[in-house]
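**Student:** First, the structure itself, so that you have it in front of you.
Values quoted throughout were computed directly from the atomic coordinates according to the rules given, and no laboratory measurement underlies them. All of these numbers come straight from a predicted model, not from anything done at the bench. Cβ placement follows ideal geometry from the backbone for every residue including glycine, while neighbour counts extend to all protein chains displayed.
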Amino acid sequence: MKAAYLIVLFVSLLAGLKFPDTDLILIFILDHRSIITHGIIVPYFLYKYLTKKVKSEFLDYAYIGFLIGIAIHLCADLFPKAYIGYAMIKLPFFISIGAPLSIAWMLGNMFFALLIAFKKLKDKNLGDNLKKLNFLAFMVIGIVYLIIDTNFVSKIILMVISFPIIWIYAKRGYKFIKK
């Protein structure tokens, strides 16, 4: 793996950590925890659009890192002090989808962000050791990010359980579950 790809991967991961809260900047258009920014819809369609125009390894690594950053952010958002007000996912025009759907939305987007990212990373010509090292780096960055936040124990437990399961599933597929 070229050093430039590694830099793109981790810079985009940091951008993905911050992207969901861009709704705070656009507060007159979007409410906090907007469904538009707290999910993978925008990055997915942007990636699909850009890959029609340009085929680039840099773009692939940026997408992988960005999705992992969003997944870590959503993992942190799953544990608010209470599921009221700003803790809920909002549709356009400031309409809340409620606590159960907010939880399902964030869990589902976290799962699919990781699944897509880990499958794309699996397809890269990286050695197994480098893939494992990347995964370890993602876990460390995620744990540090979650420690900074409140109620970090629950968040870290979710991350430490879900990330490896999704990593293995992305690597081995359905055969892993059947065993």
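**Student:** Given the options LEU78, TYR169, LEU67, identify the residue whose Cα lies farthest towards the positive end of the charge dipole of segment 3-178 (+1 on Cβ of Lys, Arg; -1 on Cβ of Asp, Glu).
**Tutor:** Towards the positive end, the residue furthest out is TYR169.
**Student:** Another one. With +1 on the Cβ of every Lys and Arg and -1 on the Cβ of every Asp and Glu, and nothing else charged, how large is the dipole of segment 1-137 about its Cα centre, in debye rounded to the nearest 20?
**Tutor:** Approximately 420 debye in magnitude.
**Student:** Still on this structure, please answer the following. When percent of Cα pairs over 28 Å apart is calculated directly from the model, which label among (i) 23; (ii) 20; (iii) 49 fits?
**Tutor:** (i)
**Student:** Past the 20 Å Cα-Cα mark, which pairs from LYS18/LYS155; LYS2/LYS131; LYS2/LYS48? Mind dumping the intermediate values first?
**Tutor:** Details: LYS18/LYS155 17 Å; LYS2/LYS131 13 Å; LYS2/LYS48 24 Å.
Beyond 20 Å: LYS2/LYS48.
**Student:** For SER96, what residues show an amide H to amide H distance below 5 Å, using hydrogens built from the backbone and excluding near sequence neighbours?
**Tutor:** Excluding prolines and chain starts, which carry no amide H, the hits are LEU91.
**Student:** Hey, in the GNM for the chain with a 10 angstrom Cα cutoff, which one of ALA137, ALA62, ALA117 fluctuates hardest?
**Tutor:** Largest GNM mean-square fluctuation: ALA137.
**Student:** While we're looking at this one, here's another question. Comparing GLY69, GLY127, GLY108, which has the greatest mean-square fluctuation in the GNM of the chain with Cα pairs linked when under 10 Å apart?
**Tutor:** Among GLY69, GLY127, GLY108, the largest mean-square fluctuation in the Gaussian network model of the chain belongs to GLY127.
**Student:** Now, a different point. Could you go through segment 58-73 in sequence order and give the Karplus-derived ³J(HN,Hα) for each residue, using 6.51 cos²θ - 1.76 cosθ + 1.60 with θ = phi - 60°, rounded to whole Hz, and x for Gly and Pro?
**Tutor:** For segment 58-73, the Karplus-derived couplings read 4, 5, 4, 5, 5, 5, 4, x, 4, 5, 5, x, 4, 4, 5, 4 Hz, x marking Gly and Pro.
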